[in-house]
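The values are calculated or read from the model by the stated rules, or taken from the named source; none is laboratory data. Computed from a prediction, not measured in an experiment: that's the story for all the values here. Cβ placement follows ideal geometry from the backbone for every residue including glycine, while neighbour counts extend to all protein chains displayed. For accessibility, only protein heavy atoms count, side chains too; no ligands or nucleic acids. Shrake-Rupley method; radii C 1.70, N 1.55, O 1.52, S 1.80 Å.
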Amino acid sequence: MTFSLLARDPETGALGGAAATGNLCVGAWVLRGTAGVGISASQGHFPSTLWGEDILTELAKGAAPEQAVQAIVSADPGRASRQLLVLDKEGSGAAFSGQDNIPAISELVQPDICAAGNMLSKPDVIAATVQGYVSSNASFARRLLAGLIAGAQRGGDARGLMSAAILILAPDHAPINLRIDFADTPLRSLEDLIIRTEAEDYEAWRRALPTRASPWSEI
């Protein structure tokens, strides 16, 4: 039903998530994050938004990603119908895919990257998503989008796409939280949002906002 990509930008330390699905409001349902802690995606045939939030709590308490996934998954009797992926602030990741999700199901974890999907048209959609991301030399947001585009070109969600989202977090800048909740071409609409947020006037305004690293920034 959904394919997601989590990544850490090695140059800035920012954490980013990108997700697309053949259902409504993927950004509201799937992506969660806390600057300086980690980022998660909770999805599946019957997803739990609690998973995405609770695993960040586990990371904040000092759990490693694999330990955090195990803690969240083992406590839920509905885990077979859910999928979870997480990346911590250091770029270490982990993933879980319940056996009752609708095939094709796939996941991929490597340094600074974690990606997974379910109800995919092909198992290699996730590998294509990761390759699309790592092959791009653009801004972090555009690299995340490139991953979604590559995954969609490989087949993406078996039903097609209805919504898409990108979330970027870092202690030293205000969050970027872009959501296309319903559109015929959500990736194209998401690209338009990225263009607008990277415009000089908007970027200057965003950089003047308080951040965790500088909460009392002056205008």
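Sort out which residues of region 163-219 are among the aromatic types (Phe, Trp, Tyr) and either touching a Lys or Arg at 6+ places or on another chain (Cβ under 8 Å) or assigned to a helix (DSSP H, G or I) (or both), and write them in order of number. Steps first, please.
The first filter runs over region 163-219 and keeps only residues among the aromatic types (Phe, Trp, Tyr), leaving 182, 202, 205, 216.
Passing the criteria: TYR202, TRP205.
ILE113 passes every criterion in (1) among the aliphatic types (A, V, I, L, M); (2) under 13 Å from the mean Cα position of the chain (by Cα); (3) crowded, with 24+ Cβ neighbours inside 10 Å apart from (3).
Look at (1) open to solvent by less than 60 Å² (accessible area, probe 1.4 Å); (2) among the hydrophobic types (A, V, I, L, M, F, W, C); (3) closer than 18 Å to ALA28 by Cα; (4) more than 16 Å from the chain's Cα centre (by Cα) and you find that LEU209 fails only one, number (3). If the condition is being without any contact (Cβ under 8 Å) to a residue 24 or more places away in the chain, closer than 24 Å to ILE102 by Cα and either in a loop (DSSP other than H, G, I, E, B) or of a type in the set (A, V, I, L, M, F, W, C) (or both), then region 35-71 contributes LEU50, ALA71.
Got a sec? Which of ALA64, ALA20 is under 11 Å from the mean Cα position of the chain (by Cα) and either of a type outside the set (Ser, Thr, Tyr) or farther than 25 Å from GLY156 by Cα (or both)? Even if it seems obvious, please write down each step before you answer.
Numbers: ALA64 fails: under 11 Å from the mean Cα position of the chain (by Cα).
Within the list ALA64, ALA20, the selection yields ALA20.
Of everything listed in (1) surrounded by 22 or more Cβ atoms within 10 Å (Cβ to Cβ); (2) over 18 Å from LEU120 (Cα atoms), the single unmet condition for SER139 is (1).
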